[in-house]
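None of the figures in this text is laboratory data; all of them are computed from the coordinates on show. Predicted model only: the values in this text are computed from it and were never measured. Cβ placement follows ideal geometry from the backbone for every residue including glycine, while neighbour counts extend to all protein chains displayed.
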Amino acid sequence: MSLAAIIDPPLGRLSLQSLPFWQMLQHPTEANVINGVIATGAACVMVLGAIVSFALITKYRKWGVLWTEWLTSTDHKKIGIMYVALAFVMAARALIEACLMRAQQAFGLGGGFVSPEHFAELFSTHGTIMIFFVVMPFLTGVINYAMPLQIGAREVTFPRLNSISLGLTAAGALLVMVSLLIGKFSTGGWFGYPPYTEANFNPGVGPDYWIWALSLSGLASTFTGINFVTTIWKERAPGMRLLRMPLFTWTALCTSILMMFAMPPLTIAMAQLALDRYLGFHYFTNAHGGNMMHFVNLFWMFGHPEVYILILPSFGIYSEVVATFSGKTLYGYRSMVMATMAIAILSFTVWLHHFFTMGQSADINAVFGIASMLIGIPTGVKIYDWMWTMFRGRIRFTVPMVYSVGFIFLFVLGGMSGILLADPGVDYQVHNSVFLVAHFHNVAVPGALFGLLAGYHFWFPKAFGFRLSERWGMVSAVCWIAGFMLAFFPLYALGLMGLPRRTVSYTEPSYVPLEMVAFLGAILVIAALGALLVQLWVSIKHRNENRVFVGDPWDGRSLEWSVSAPPPDYDFAVIPVVTDRDAFTAAKESGNAYQRPGACADIELPKNSALGPALGAIGLAIAFGLVWHIWWMVILSALAAVATTISSGFARDTTRIVPAQQVQREQQRWIAAAAAATAISRADECKSSNAGLAEQEYAGVSA
Amino acid sequence: MAQVHEADGQTEPSEEERRDFRSYVRGIGLALLLTLVPFALVRWAWIPRFPLLIAIGVFALVQMIVHFRFFLHIGFRQKREDLQLILFSTLLLIILVGGTIWIMGSLALRMAMPPQP
Amino acid sequence: MSQDTIKHPGLNLGCAHGGDHDAAERVMFGFWLFLMSDAVLFGMVFSTYVASLSATAGGPGPRDLYNIRSVFIETLLLLASSFTFGMASLALKYKHGETRLIGWLTVTLALGVAFLGFESHDFVTMFAKGGAPTRSGFLSAFFDLVPLHGLHVTGGCIWLVCLVGQIARYGLDTRVKLGIMRLALFWHFLDIVWIAIFSVVYLAGLA
């Protein structure tokens, strides 16, 4: 490539055409104006949000704090919180898009107001964001926060890599956000099948945005997976044998193993599609020996394990929540562990059920159909284990528990429809209909999202030192559950009535009533999101009445509850020695909790590092340059990436010491607070008298 | 332990060092042999195609094990997790690669794509 | 050597290196996980290649393009470099001094670069014979698989140069030692991938 080709045109394919309102101004037809206004409105909200955040941070002079305390932090707790914050921002956009789609379909008899092109963008961004930039960062954040605390570790094994993963994920999310303002996102759905996404059918920037956003996120997840597996395998506290790990840590382990092994097929699929589009290769094209079916195969080798990546951490959260709020040890711990492992391994053997209708022989369909049904067994085991855990427990219906019970009911239904779909014969009938849409939302929303929300409510007091408002949490939970049911149960019926998925408009009047119900459900879900925001606002406002500094607001069972809330930077002043499965419950019952530590030692922690945000920014620049064919930008950023990586290898002074005196001081303050606090019974758990010290019915019996 | 295995300075190579060195020499010797034979088989085409393919596959597998054993020092004496990981990854590779070839082969057959040369 | 002195794959530093040996355990385990993930990455391109064998679309096939002599030379180069890296690992473990260590690393680098030279020469020859990746699905798959390995070797060479730079700057401190040990794993791993490449792609293609 000559120099001229690199810098001319200087902005690649970027032009005024790329702005969302340009077409509306050039050709002001009614359809163009409506879609232009929606797109411009969305872009404006994003830009305004960015400007307001920027202004507020500047006004309160928080840039320094943001940089030193958060963005460059290598603390697993802060990285976890940032992941969850990212997930909430992205969820807001994806849920509004979902509501818009339901509105379009509700009024879609013979037309509707959204253009087909725009509708295709909506479902593509909704799916992409929900999977890669809501649930993935959410679960990564929760694991990041809770897992090291649960295994009695002070850090993940590779803290800088952790920060880089966050940077790359955020870069991918930003890329999707930028597509709102400049150019258009893919119209190929979240799995972007070629040849539709190939250059000759889709010469625009849409599929490129999608490819590079997924590539950034996939790379980040691979690193995260490796990091978490190493941490769980090598950083456990003494005595924390594998079969003493809390179940959430087990699911985190399995999810991380899946991340490690399932991301490579995605990376390859994205790379090959990019080579097709950019350099004229023939992997998935129609001509010259390309085979589009190969993409389908590759994508779902990633895609199916991905489903379990999304869902396993939530299974872990439900296990913690159900055990804690039933006041019992988890029923069938070993069977839970085995079921989790079985699901993780089986998830690699079922990918073909996403394309039963592709044209391979019936024998293959049968094998993969049976394998898919087999997954129902370990999942069923889990459901029974949760029910037996609740059986004869003293159940408290707090917000996380409401989500858990809602999940058990709804997930069984979703799982049943999954068993139906695992039958290739049935699948031939209903594939590509909204029946399928109903099915995977029915497993993904209660299965993944409810669990993560339960985890958010469960661990929020640990992370910030005060409880969330129970009332608004309940409003939100009920809206979520009811909204979900109203939005997706009609889709089962609509699917059986023959409505194909991704339909922008239809001519069958009998669809309308059910579509209206689904739209109502979508509005309720938006209300649920609003209630979550109100809850956060109210809770921050009343934070002083709801402090739980002592750190154990729910009478928790695992080690994360054995430290103050929020925990100190170093998590544990003294690394605990574990003797039991429910480590903290055992300590409380034997009267060993809240003991003044003997002599504290200096603690070594990783220093802050600008590597994560730097590589994130560089990654965003490379991706943006690639999308718009701005070659000088790609080359310069790639060089910067190499230079940054190499120079980071030369860094030496990467740790800091927390002096023993400081540790001692902080510990004494916390122990004093614990001694001063009144232990409360479970009945007062949600009152402001809850300072985070749980009353022990059996305390001192054995001590 | 530490005292027993302390390398004794720069003078004479210890028993352990000689053993480590021999591991690499054995490794390269075996690897060379396992490389030369299939190359020679293909170069001079001494046997028919199908057994030749099988032979290539067997030699490759054995050579991989040799590399794991003598260059990467994977064995049964150490912590099992490394070996277990290799076996788990191998299992996944068999499932994913084998599955892909099975599926795409069946598809090619049924879609009447051109047969393999 | 008792069981617990072997803590990770690759050549273990052993107790003579004190804390460095302990620090190696988790870092090497993490890197080993990365290699396993990378193995699946290669597995995917292998399956693409095998599934695309017949997709020559009338263009040149393996017999028209592959050159067994040059592949044989490449194989020997890579094998020799694996051995020389082994010698570098021994020099590190038994403290033969920085000069010998850098010497072996430089030989390894030279062999790696020579391998890359022969490989790119192969690619140029293939292009000249009409075997460009844009010609057919088969050639696209070939140019996904073999250059991906070449790219890994290139990365390994750059890493090696950086490590030599770190030795010059800091001497053999913990991070340098861990770096060399990880690169050793990476290098031997790439040699294993090459076994699969010369067997599946070249030998089976020419058989």
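Values as computed for the structure displayed
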{"quantity": "Counting all C-alpha pairs of segment B:12-73, share separated by more than 13 Å (%)", "calculated": "65"}
{"quantity": "Extension gain from A:W67 to A:Y428, taking 0.36 nm per residue of separation minus the Cα-Cα distance", "calculated": "124.6 nm"}
{"quantity": "Amide H contacts of A:L109 (H built 1.01 Å from N, under 5 Å, at least 5 apart or other chain)", "calculated": "A:Y506"}
{"quantity": "Among A:6-15, A:577-586, the order from most to least packed when residues are scored by Cβ within 10 Å on average", "calculated": "A:577-586, A:6-15"}
{"quantity": "Equivalent ellipsoid dimensions for segment A:360-497 as semi-axes, Å, which come from the Cα gyration tensor, largest first", "calculated": "33, 18, 12"}
{"quantity": "10 Å Cβ neighbours from other chains, averaged over peptide B:84-94", "calculated": "5"}
{"quantity": "Shielding by other protein chains, A:277-283, mean Cβ within 10 Å", "calculated": "6"}
{"quantity": "Calculated SAXS-style log₁₀ I(q)/I(0) at q = 0.15, 0.19, 0.24, 0.28 Å⁻¹ - segment A:1-69, Debye, Cα scatterers", "calculated": "-0.76, -0.81, -0.95, -1.13"}
{"quantity": "Per-pair calculated FRET efficiency, R0 = 56 Å: B:V37 and B:E16 via Cβ, rounded to 0.05", "calculated": "0.95"}
{"quantity": "Average Cα contact separation per residue, chain A, under 8 Å, 6 or more apart, as relative contact order %", "calculated": "17"}
{"quantity": "Length released on extending from A:T579 to A:E604, taking residue separation times 0.36 nm less the Cα-Cα span", "calculated": "6.5 nm"}
{"quantity": "Cα-centre dipole for the protein assembly as shown with unit charges at Cβ (Lys and Arg positive, Asp and Glu negative), debye to 20", "calculated": "720"}
{"quantity": "Label-point separation, A:I540 to A:I523 (7 Å along Cα→Cβ), nm", "calculated": "2.9"}
{"quantity": "Estimated vicinal HN-Hα couplings, Hz - segment A:165-171 in sequence order (Karplus 6.51, -1.76, 1.60; Gly, Pro = x)", "calculated": "4, 4, x, 5, 4, 4, 4"}
{"quantity": "For segment C:15-206, alpha-carbon Rg over 2.2 N^0.38 Å", "calculated": "1.15"}
{"quantity": "Shape category assigned to segment C:1-109 from the gyration tensor of Cα positions, a/c cut at 1.5", "calculated": "oblate"}
{"quantity": "Over chain A: helical MRE at 222 nm, DSSP H runs n ≥ 4 each giving -39500 (n - 2.57), nearest 500", "calculated": "-21000 deg cm²/dmol"}
{"quantity": "Set of lysines near A:K462 by C-alpha distance (under 27 Å), chain-local residues within fewer than 8 positions excluded", "calculated": "A:K62, A:K77, A:K78, A:K234, A:K328, A:K382, A:K541, A:K588, A:K607, A:K687"}
{"quantity": "Pairwise centroid distance, computed over Cα atoms, of segment A:350-425 with segment A:473-542, Å", "calculated": "22"}
{"quantity": "Peptide-level mean, for C:187-196, of C-beta atoms on other protein chains within 10 Å", "calculated": "5"}
{"quantity": "Label-point separation in nm, C:E25 to B:L83, each point 7 Å along Cα→Cβ", "calculated": "1.9"}
{"quantity": "37 °C / 0.692 mPa s Stokes-Einstein diffusion coefficient of segment A:362-421, Kirkwood radius on C-alpha pairs, µm²/s", "calculated": "248"}
{"quantity": "Euclidean distance between Cα centres, segment C:82-137 to segment A:618-660, Å", "calculated": "26"}
{"quantity": "Student exercise, segment B:12-73 dipole from Lys, Arg, Asp, Glu Cβ charges, in Debye to nearest 20", "calculated": "420"}
{"quantity": "Positive-end extreme of charge dipole, chain A - chosen from A:G303, A:L71, A:V430 (charges on Cβ)", "calculated": "A:L71"}
{"quantity": "Relative contact order %, segment A:228-371, counting alpha carbon pairs below 8 Å whose residues are six or more apart", "calculated": "27"}
{"quantity": "Furthest towards positive pole of dipole, C:L163, A:A691, C:L92, structure part the protein assembly as shown, Cβ charges", "calculated": "A:A691"}
{"quantity": "Relative packing of C:178-185, C:144-151, which averages over residues the other C-beta atoms within 10 Å, highest first", "calculated": "C:178-185, C:144-151"}
{"quantity": "Nearest-0.05 FRET efficiency for A:H27 and A:D363, computed from C-beta distance (R0 60 Å)", "calculated": "0.65"}
{"quantity": "Prolate/oblate/rounded label for segment A:553-601 (Cα gyration tensor, a/c 1.5)", "calculated": "oblate"}
{"quantity": "Relative contact order [Cα under 8 Å, 6+ residues apart], chain C, whole percent", "calculated": "31"}
{"quantity": "log₁₀ of I(q)/I(0) at q = 0.05, 0.08 Å⁻¹ - the protein assembly as shown, Debye sum with one point per alpha carbon", "calculated": "-0.32, -0.85"}
{"quantity": "In Hz, Karplus ³J(HN,Hα) per residue of segment A:493-506 (6.51, -1.76, 1.60; θ = phi - 60°; x = Gly, Pro)", "calculated": "5, 4, x, 5, 7, x, 7, x, 5, 6, 7, 7, 8, 8"}
{"quantity": "In Hz, Karplus ³J(HN,Hα) per residue of segment A:456-472 (6.51, -1.76, 1.60; θ = phi - 60°; x = Gly, Pro)", "calculated": "4, 5, 5, 9, 3, x, 5, 6, 10, x, 9, 7, 7, 4, 5, 5, 5"}
{"quantity": "Dipole magnitude of segment C:15-206 about its Cα centre (Cβ charges: Lys, Arg +1; Asp, Glu -1), debye to nearest 20", "calculated": "180"}
{"quantity": "Cβ-derived FRET efficiency at R0 30 Å, C:Y170 paired with A:R669, nearest 0.05", "calculated": "0.15"}
{"quantity": "Sorted peptide list for B:17-23, A:491-497, A:64-70, B:55-61, criterion being average Cβ within 10 angstrom, highest first", "calculated": "A:491-497, B:55-61, B:17-23, A:64-70"}
{"quantity": "Point-to-point label distance, B:W46-A:F54, nm (Cα→Cβ direction, 7 Å offset)", "calculated": "7.3"}
{"quantity": "Fully extended contour minus Cα-Cα distance, from A:Y384 to A:K234, at 0.36 nm per residue", "calculated": "50.8 nm"}
